[in-house]
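As structure tokens, the structure follows; a few thoughts come after it.
The values are calculated or read from the model by the stated rules, or taken from the named source; none is laboratory data. Just so you know, these numbers come straight off a predicted model, no measurement behind them. Positions of Cβ are generated from backbone atoms using ideal geometry, with glycine treated the same way; all protein chains shown enter the neighbour counts.
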Amino acid sequence: MNKKALVVFSGGLDSTVVLYHCLKHCDEVYCLTYDYNQRHREEIKKAANIIASLNSEKIIKHTTVNLGFYGELASASALTNTSIDVPKMKEVIGHPQNAAYVPNRNMVMLSIAVGYAESVGALEVYYGAALADDTSGFWDACSSFLKLYNNTLALNRLNTIQVIAPLIEMSKKDIINYGVELGTDLSKTLTCYSGEESACGQCPSCSARIRGFLETKKYKDPIPYAIDIPWEKYGCY
């Protein structure tokens, strides 16, 4: 049976590892990237570049969806409102929902992805929810949300689509190790929320990524940072 999957693909570390995972386990892959007028819109280019570099026959189509209107409506986030500073990790430790959270973003994006998946005959939608998202206060990337959302999708009387998050219980270290195992080119990924050429190294997303690489005690992050990171001190080369 031809296995089709749809990947919600941002061009970030997690979603890129998920894409490589799907290319290994699926026969046909459709990719959706969202432009919601996010501060770090560079990720849209990164996503396109990654897919172009893969040049995989399994990737049937890559579509960028214009959700600029949603970025305007959900303006309470530092990612959609440039008048709100991107939080630094030291400022959000212990906070239940930091300023980088975009209200209900994943629910909106997954709903569009599920509709598209049903239309092309894909029964699985993948997204890069990870353990670090849950601990950072992103409720729409936790296992409880995923279970409830799939329960709702099960109401479909003909085509039951399932949303899958293969990294949802993985630490960033585990994700990096798995990505390396899959042969993922992590140098092309974008994680930082700042939208600058070099990753800031201080936002929650950067902090989780850096910590993950340091905890591998093996791999140095191949992307540039605006701050000095003592990779060699932790055995990362």
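No other residue among 70, 36 is buried (at least 19 other Cβ atoms within 10 Å of the Cβ), under 26 Å from residue 143 (Cα atoms), touching a Gly at 6+ places or on another chain (Cβ under 7 Å) and aromatic (Phe, Trp, Tyr) apart from 36. Screening region 99-132 for residues that are hydroxyl-bearing (Ser, Thr, Tyr) and out of contact with any helix residue (DSSP H, G or I) (no Cβ under 8 Å at 6 or more places or on another chain) and picking the one that is surrounded by the fewest Cβ atoms within 10 Å (Cβ to Cβ) gives 119. Taken residue by residue, region 165-186 has no member that is over 19 Å from residue 11 (Cα atoms) and buried (at least 22 other Cβ atoms within 10 Å of the Cβ). Scanning region 39-66 for residues that are surrounded by 15 or more Cβ atoms within 10 Å (Cβ to Cβ) and acidic (Asp, Glu), we see that the one that is farthest from the chain's Cα centre (by Cα) is 42.
The set of residues in region 1-36 that are farther than 18 Å from residue 175 by Cα, at pLDDT 95 or above and among the polar types (S, T, N, Q) contains only 33. Residues in region 1-25 that are surrounded by fewer than 21 Cβ atoms within 10 Å (Cβ to Cβ), touching a strand residue (DSSP E or B) at 6+ places or on another chain (Cβ under 7 Å) and in contact (Cβ under 8 Å) with a residue 40 or more places away in the chain: 1 in all. Pairs under 9 Å by beta carbon, first residue free of Cβ contacts under 8 Å to residues at least 40 places away in the same chain and within 23 Å of residue 4 (Cβ to Cβ) in region 95-121, partner small (Gly, Ala, Ser) and not in a helix (DSSP H, G or I), six or more apart or different chains? Here the result reads 106/129, each pair linking region 95-121 to a residue that is small (Gly, Ala, Ser) and not in a helix (DSSP H, G or I).
Taking only region 179-230 into account, find how many residues are closer than 15 Å to residue 17 by Cβ and in contact with a strand residue (DSSP E or B) (Cβ under 7 Å, 6 or more places away or on another chain). Of the residues in that region, 2 qualify.
For residue 205, are the conditions met, namely being under 17 Å from the mean Cα position of the chain (by Cα) and hydroxyl-bearing (Ser, Thr, Tyr)? Taking the combined requirement at face value, the residue satisfies it.
Any chance region 193-205 includes a residue that's surrounded by fewer than 21 Cβ atoms within 10 Å (Cβ to Cβ), modelled with pLDDT of 95 or more and acidic (Asp, Glu)? No, that holds for no residue.
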